[in-house]
Amino acid sequence: MSATTLILVLLGMTAVTYGVRCAPLFLAGRVTIPAAVLRWMNYVPPAVLASLILPSLLTPDSGTNDLALSVHNPLLAAAVPTVLVAWRTKNMYATVGIGVVALALLRQLAFFG
């Protein structure tokens, strides 16, 4: 690839990235977002978070990618109290704290090796 082609590709990628990120700023005052879309957008953060976390809970051994749906999976076991604290308190610090403590305690038990 020549230097000119590389520079043109980089400039094109920059323009596309900049345009996608700045378009909402330019359209914010001119476009009214329907209420149904706003309600739908409320579900995007939990869905993204679940899609990032769930695979590591269910397949902790990345070498095999086998499902670990047993009581011998410390990540899955630690997720139970973590989810309960998140649901009841809606406090991020309490949720993270309980998750860290639960996982540390469960990993110290000989049951999880």
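Quick look at the numbers
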| item | result |
| --- | --- |
| Of Thr82, Trp40, Leu58, farthest towards positive along the dipole that unit charges on Lys, Arg, Asp, Glu beta carbons give the chain | Trp40 |
| Top of Val83, Val16, Val96 by mean-square fluctuation, Gaussian network on the chain, Cα under 10 Å | Val16 |
| Theoretical gain in end-to-end length, Gln108 to Thr89 [0.36 nm per residue, Cα-Cα removed] | 4.2 nm |
| Inter-probe distance in nm under a simple model that places probes 7 Å from Cα toward Cβ, at Thr5 and Val48 | 3.5 nm |
| Highest-fluctuation residue, Leu75, Leu38, Leu58 considered, GNM on the chain with Cα pairs under 10 Å | Leu38 |
| Cleavage-rule hits (trypsin sites (Lys or Arg not before Pro)) in the range 1-95: DSSP loop, at most 14 neighbouring Cβ within 10 angstrom | Arg30, Lys90 |
| Sparse-neighbourhood loop sites, chymotrypsin sites (Phe, Trp or Tyr not before Pro) in the range 1-108 - DSSP loop, at most 11 other Cβ within 10 angstrom | Tyr43 |
| Prolate/oblate/rounded label for the chain (Cα gyration tensor, a/c 1.5) | oblate |
| The chain - accessible surface per residue (Å², probe 1.4 Å) | 82 Å² |
| Positive minus negative residues near Ala68 (Lys, Arg vs Asp, Glu; Cβ under 15 Å) | -1 |
| Per-residue ³J(HN,Hα) for the range 28-33, Karplus 6.51 cos²θ - 1.76 cosθ + 1.60, θ = phi - 60°, Hz, x for Gly and Pro | 4, x, 9, 10, 9, 7 |
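The values are calculated or read from the model by the stated rules, or taken from the named source; none is laboratory data. This is a predicted model, so every value here is computed, not measured. We place every Cβ from the backbone using ideal geometry, glycine too, and count neighbours over all the protein chains shown. Side chains included, ligands, DNA and RNA excluded: accessible areas come from the protein's heavy atoms. Shrake-Rupley method; radii C 1.70, N 1.55, O 1.52, S 1.80 Å.
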